[in-house]
Structure formats: C-alpha cells, structure tokens
Amino acid sequence: QQRKHPPLPPGPPADPIIGHLRTIPADRPDIFFYELSKKYGKVVHLRIPGKTMIILNSAQAATDLLDKRSGIYSDRSSSNVFNLMGWDKSIAFVPYGERFRKQRKMLNDYLHHKQCENYFHLEALEARQLVKKLSSIPDRFNDHFNRYSSAIILRIAHGHEIVGDDDPYLKITSDAEHCLSNCATPGSNLVDLIPIMKDLPSWFPGTYPATQARSYRPIIDLLHDYPFEDMKKKMVEGTAKDSYLLTHLEGLQREGENYPYTIDDIKGSTGAIYAAGADTTWSTLSIFMLAMVLYPSVQAQAQEEIDNLMGVADRLPEFNDRPSLTYLECVLQETYRWNNAAPTGLPHRSTEDDVYNGMFIPKGSVIVANTRGITLDEDVYRDPHKFDPSRYLRGEPHPVGHFGFGRRICPGRHLADSSVWIAIASILFAFTISPVKASDGTPLIPEEEFLSGVTRSVI
Ligand code: HEM
C-alpha cells in the first residue's frame, strides 16, 4: 500500500529503471551538481537504483537541514570505495551512533577552539620553515605546502617531527594523499551507488573505482598501523612526544579495558586527523597560490596592508597581528570560497522521512551539500567566479559549508584555519608570487584547472 507523500525535489529527466545513473559524471560531479541548480533549483533530487540523492546547492537549504535538523541528517552512507581502501574504522566514514560520538569526543577534546591556541607556536615555527624552503627552491612550492601541512598534523597527532626529505612518515602520508586525490568521489561513483559493482570482475565496465581502491589498501593500512607501532616503540625507549596518539596510548596502558576508547577508535581517529587534515590544508594553500598568480592586484593590496602594519619590523607576521589585517582576512575567506579543497564535502545520510519546503526527502537519502554550488550561489555572491576579497567589505557574507555542516562539521576547522592563515600571511610578507615565464619572457598564465577526488589540487 503506497503512502501519500509530497513530491520529491525537482530533478532532471531519468532513464527507466536505472534513473540518473548514466547522468552522473565520474569527473567533477561538483560542477555537474552546481549546473543542476541553475535548471532545477537549489534542492534537486537524483535517483539511482535503490537510492535517492538530494543535492543542496544553497547555504540556506544546507543549514536548514544539516544544522537545524541535525538529529536526522548526521549519518554517513557507507562507501564501498572507502571501505575497500581501508577507511572503515575512520570517523569520517563511521555511521552516526555510539562509535561516532566516542571518536568525535576524542577529536573535539583535542581540537576545540581554545585548545588550538596551544598549537599557534608550532604553526608559526613551521610557517618560518615554509618561507625558508620557498626561498631556496620556489618552484617546488607544492612539495613545501605538502610538507608544511603534514608537519603540523604529524606533530600534533603523532608526536612526530619530520627530519629529512626521506622521512618514512612523509612517504606514507604522501602515498595516502595520492590515493585521496585520485580515488573516485565517495557517494557519487558507480561502485558506491550500485553495491553489486564492487563484487564484479575488474573487466566489467564501471568497476574501476573498486579495482583502484583495492590497489590502494596496503597504503591506507600502513597509514593506520605504522604510527601506532612506532609510538609503542618510542614509549618503551622513553622518546615519545606529547601528542594525540600518546595521550590515548597512555590512557589505554593505564586503564586497560576500562579506558573508554578501543585500539580501533584510536587508530581510526588518528588516521582520520591525518587523512582529513593534511591534504585539505595543502590543497587550500595551492588554491591560494593560483589565486595570487591570477589576481596580482589582490596580492599587491594584501601586501600593502601587511607592509603598513609591520613597518620596518624585522619579523614575520604573528597570530597577534590577525585582527589588524582586515583585507588579508578577506583574502583567506575568498580562498575558501573561490575554489574549494573539498568541493562536494562528504555526503551525509538521512535517517528519517522528512519534508522540506513541500518536498519529500525519504529516509536513507544520500545528502550532498555541494560546497561548489553553495559558494558560487549567484543569489549570494556577485560575479562568483571572480576572486574578489573586497566583496566581504561590501557586505557579502563569508562562505559557509567549506568545513561541512551540523554534527559532522569538520572538527579540525580551527586548526586548519590558523594553519592556512599564518602560511598565507608569511608568504605574502616575504614574497611576490608571479607566473613562470617562457624562454622569450612571456608569462605563462596557469589555467583554473583541478584534479577530481575527495580533496583536490591544482593541476
Ligand atoms: C582547509 C582545511 C580543511 C577543510 C577544507 C576541511 C573540510 C572538511 C569537510 C568539508 C568535512 C566534511 C564535513 C561534513 O560531513 O559535513 C570534513 C570532515 C572532517 N575533517 Fe576537515 N577540513 C580541513 C582540515 C581538517 C583538519 C586540519 C583536520 C584535523 C586536524 C580535519 C579533520 C576532519 C575529520 C576527522 C572529519 C570527519 C568528521 C566526521 O565525519 O564527523 N579537517 N572536513
């Protein structure tokens, strides 16, 4: 017996049986979702066998549902691709429930706003290292950003200090980053949308995301296991440094089975800090570099503000300077908005039937708060494709959604924000960023092009 529901949100025409399966592209689904909003509105539905996807392309809709009704919009769809890769114990993919709440508490205790002020000193030191490296080999800026973001995370989460370029942690983490930047987008690839695909042979069309995920598994297992074993060894030697991992391993040693967190909770949340934190920070910095090359007048204005404040001071910017650097703050916000490190965010899942503005959202829907669509919303941002920090001085709102929503909002956002701020303040103080020149002196202006993946980087 069919119950009467309001209609689903609008959506494009679908094929019989397979629905929109053929319509969803593997590459850059964020752009596809954004284009849908222009034709069908800010809340759109897509249907694939056994699943409804709800795409949210406005901050209003995402806030109304994922923030205000977070009690029923905080689950995650299990992603076959991510489980095959080995991320199943990681908080980012754990379903909403007891295990999620435990890991979330572990992270919140270590990464809340006030706590993150204790990491300012470390971030400032690493920013100085970054400036040194950029001044000695500028064209390897992407490697330096990778090292910068990894160094901060590895120190805080694993108590590890990077010593040289052949550091084993750097190798493990850059391999893991490769997997995250090259894998299929979770929740919107065929292997996640049609579960049977993961069991079909690799020659079967559309199964590539599963084959690729299996080949990445040893790398992701090493990311979880190596730091854990290494820390245990250092604890025995007496060389272990204060860190998230040490705090929990000591707790486990002290309290045994009474400790509220299991080995899997510890491995899963420590791995998640790295996986979710380093790549996104690095990606944001590479987006900033691209913006500075493409918009030299913005760069000059930010530098003028920094120079005016610092005067002839013989030092790099510090966190105390942040409230005085208004335009730089706008540059930071515009970096988050103009292009996003995680353009489709991470899909949530609804756990009850719901009705929003007369539209039916069935229980079990995959909810994509499409950051790309939200930050390009023409009803909110004038000329949204332009990198224009002054828009915030004219009263346009700071972007929302680049750190996600509701009970799943990024727990590392305070750390990420200060890491990105001190890096861009230091870079703009020390350097002028300009395009590479061809042999005849013509500047080679880069394209605004990005890799696909969970996080993405400038090509
Ligand atoms: C600029 C840098 C960063 C960006 C753009 C970013 C963005 C995001 C986004 C969009 C989500 C999904 C939120 C949702 O589902 O609604 C997320 C989740 C997450 N982020 Fe971040 N993040 C950044 C840095 C960090 C850092 C530095 C850490 C850790 C220190 C971190 C740890 C996490 C974790 C553990 C999750 C999963 C949370 C959950 O599922 O409950 N992130 N992040």
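Only the coordinates and a few stated rules stand behind these numbers; no lab work does. Everything quoted here is computed from the prediction, not taken from an experiment. Neighbour counts run over all protein chains shown; Cβ positions are idealised from the backbone, glycine included.
Averaging 1/r over every pair of different alpha carbons in the range 167-232 and inverting the result gives a Kirkwood radius of 13.2 Å. Here's the list of aspartates and glutamates a cross-link from residue 233 could span, going by alpha-carbon distance under 15 Å and ignoring same-chain residues fewer than 8 apart: 225, 242, 250. Working note: Debye formula, equal point scatterers on the alpha-carbon atoms of the chain, no solvent; log10 I(q)/I(0) at q = 0.13 Å⁻¹ is -1.27.
Using the Cβ-Cβ distance between residue 17 and residue 113 with R0 set to 30 Å, the FRET efficiency works out to roughly 0.05. The listed peptides 273-283, 349-359, ordered by packing as a protection proxy, come out as 273-283, 349-359 (highest mean of other Cβ atoms within 10 Å first). In summary, the helical segments of the chain meeting the span-like criteria, namely a full DSSP H run, a Cα extent along the axis of 15 angstrom or more and a mean Kyte-Doolittle hydropathy of at least 1.0, are 413-430. For the chain, the mean residue ellipticity at 222 nm estimated from helices alone is -15000 deg cm²/dmol, where every DSSP H run of n ≥ 4 contributes -39500 (n - 2.57) and the total is divided by all residues, rounded to the nearest 500. Estimated at 0.36 nm per residue, the fully extended path between residue 308 and residue 254 surpasses their Cα-Cα distance by 14.1 nm. With 5 Å bins beginning at zero, the pair-distance distribution over Cα atoms of the range 74-210 amounts to 2, 9, 14, 15, 15, 16, 12, 10, 6, 3, 0 %. Taking 19 Å as the straight-line reach from the Cα of residue 42, the lysines in range (excluding those fewer than 8 positions away in the same chain) are 68. Normalised by 2.2 N^0.38 Å, where N is the number of residues, the alpha-carbon radius of gyration of the range 351-428 equals 1.44. Pairs spanning more than 25 Å between alpha-carbon atoms, out of 38/386; 171/234; 171/386: 171/386. When each of the peptides 430-441, 328-339, 32-43 is scored by the mean number of other C-beta atoms lying within 10 Å of its residues, the order from highest to lowest reads 328-339, 32-43, 430-441. A dipole drawn for the chain from +1 and -1 charges on Cβ atoms has a positive end, and of 170, 93, 282 the residue lying farthest that way is 93.
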